[in-house]
Amino acid sequence: MDNFIYSRPATLKDATAQLGKERGKIALIAGGTDLLGELKDHTAAPERVITIRHLKELQGIRASRGGLIIGAATLLADIVDSPMVQQQAPLLAMAAGRVGTPQIRNMGTIGGNLCQRPRCWYYRNNYPCYKHGGKACFSALGENDYHAILEAGPSFIVHPSDTAPALVALGASARIVGGSGERTVPLDTFFVTPRQDVTKENVLLPNEILADIQVPNAPAGSKAIHVKEMVREVWDFALCSVAAMVTVQNGVVLDARIVLGGVAPIPYRAVKAEAAIKGKPLNEASAAAAGLAAVDGARPLAKNGYKVPLTQAVVRRALLSLA
């Protein structure tokens, strides 16, 4: 691990001011479950590390008009255990409960889970890939068992967050604070594909901090489910996950939001799968059609073709569980 300056700002304003002074040479740390691994592996080598876990402006879960506001430094374990989240956004509680292990959920934060770096083994082992400023994606022709089948190229990473698909399905937004003020961005535009910017995974600028997540209440009469398929039962990232929220009225699907994890560089909104069930009864036929539609346009690599039928099956199973 390289030496760095450790900074503990008193306020969120102080933290953003420090980001502005040393643009591009600073890392933020809250729970540290991602950054500490990067520091030890020399994947990241910041000159200054700013801790933000203690900042009150970034903590806690509170009710707002029409939903919840969750501070970015709120522990995943607190989200899982929160009666407000369980009642008003149960899909998020389900997804947060599938992150890692109890130990990780008691250290990791919701903001860190959304902003974590790729888990691609080429990136984590410091190959000169796109994510390290290089000119190649080594997974394209190399070991790509766990890589993307949708929205991929030129980098084939998958976004590792479990909570991101659930929050996109819920229609959540991110409040971002920086030196020039603040802005609110819908979560479904917060994440960046490699085609948009191969060096980034989200829209945060170097002098900005994710302050909180604004989660609207689930629609009346809606049902939701989070399904995650892994190699191991715990402490693993998704081969494929589905966050689905469906509203049924008079026996047919009035609205649906289906978001996939583990198969694309961003939480993937499966709009064709949503269209396949809207206006129809939620049954075996419509669920199977949604599964097929979810992988329309998939382009698997040499070793991850299994993700296509896996994704079809997981979407179908998730929807039938809501029927």
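Here Thr51, Thr43, Thr74 are screened, and the one residue that is surrounded by 15 or more Cβ atoms within 10 Å (Cβ to Cβ), modelled with pLDDT under 95 and hydroxyl-bearing (Ser, Thr, Tyr) is Thr43. If you check Tyr122, Tyr127 for being assigned to a helix (DSSP H, G or I), open to solvent by 10 Å² or more (accessible area, probe 1.4 Å) and among the aromatic types (Phe, Trp, Tyr), only one passes: Tyr122.
Of all the residues in the stretch 130-146, those that are touching a Cys at 6+ places or on another chain (Cβ under 7 Å) and not in a helix (DSSP H, G or I) number 4. As a summary of the residue check, Ala45 satisfies the conditions (1) small (Gly, Ala, Ser); (2) more than 20 Å from Asn106 (Cβ to Cβ); (3) outside any loop (DSSP other than H, G, I, E, B) except for the one numbered (3). Answer with yes or no whether Glu229 is among the acidic types (Asp, Glu), at pLDDT 95 or above and in contact with a Leu (Cβ under 7 Å, 6 or more places away or on another chain). The answer is yes for Glu229. In this structure, Gly112 does not satisfy being in a loop (DSSP other than H, G, I, E, B), open to solvent by 10 Å² or more (accessible area, probe 1.4 Å) and either within 28 Å of Ser222 (Cβ to Cβ) or modelled with pLDDT of 95 or more (or both).
I'm trying to understand the selection: among the residues of the stretch 293-312, which are surrounded by 15 or more Cβ atoms within 10 Å (Cβ to Cβ) and assigned to a helix (DSSP H, G or I)? Ala293, Ala294, Lys307, Val308, Leu310, Thr311, Gln312, listed by residue number.
Okay, residues lined up against (1) farther than 17 Å from Val168 by Cα; (2) β-branched (Val, Ile, Thr):
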| site | (1), (2) |
| --- | --- |
| Thr11 | yes, yes |
| Asp41 | yes, no |
| Arg53 | yes, no |
| Arg62 | yes, no |
| Gly71 | no, no |
| Ala77 | yes, no |
| Arg98 | no, no |
| Pro102 | yes, no |
| Leu114 | no, no |
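Tell me the residue from Gly97, Gly37, Gly66, Gly60 that is under 17 Å from the mean Cα position of the chain (by Cα) and either buried (at least 18 other Cβ atoms within 10 Å of the Cβ) or not aromatic (Phe, Trp, Tyr) (or both), please. Every option except Gly97 fails the conditions. Ala276 - would you say it is over 21 Å from Met94 (Cβ atoms), free of Cβ contacts under 8 Å to residues at least 24 places away in the same chain, open to solvent by less than 60 Å² (accessible area, probe 1.4 Å) and hydrophobic (A, V, I, L, M, F, W, C)? Criteria met by Ala276.
For the stretch 149-203, a tally of residues being among the polar types (S, T, N, Q) and surrounded by 18 or more Cβ atoms within 10 Å (Cβ to Cβ) returns 6.
For the stretch 18-27, does any single residue satisfy the condition of being more than 21 Å from Gly171 (Cα to Cα) and open to solvent by less than 20 Å² (accessible area, probe 1.4 Å)?
Yes, that holds for at least one residue.
When the stretch 133-146 is filtered for residues that are in contact (Cβ under 8 Å) with a residue 40 or more places away in the chain and either among the small types (Gly, Ala, Ser) or closer than 13 Å to Ala44 by Cα (or both), the ones remaining, listed by number, are Gly133, Ser139, Ala140.
Looking across the stretch 204-263, the residues that are within 30 Å of His147 (Cβ to Cβ), touching a helix residue (DSSP H, G or I) at 6+ places or on another chain (Cβ under 8 Å), assigned to a loop (DSSP other than H, G, I, E, B) and open to solvent by 10 Å² or more (accessible area, probe 1.4 Å) come down to Leu204, Pro206, Trp235, Leu239.
The values are calculated or read from the model by the stated rules, or taken from the named source; none is laboratory data. Predicted model only: the values in this text are computed from it and were never measured. Using ideal geometry, Cβ is built from the backbone for each residue, glycine included, and neighbour counts are taken over all protein chains shown. Protein only, heavy atoms only, side chains kept; ligands, DNA and RNA dropped before computing areas. Shrake-Rupley method; radii C 1.70, N 1.55, O 1.52, S 1.80 Å.
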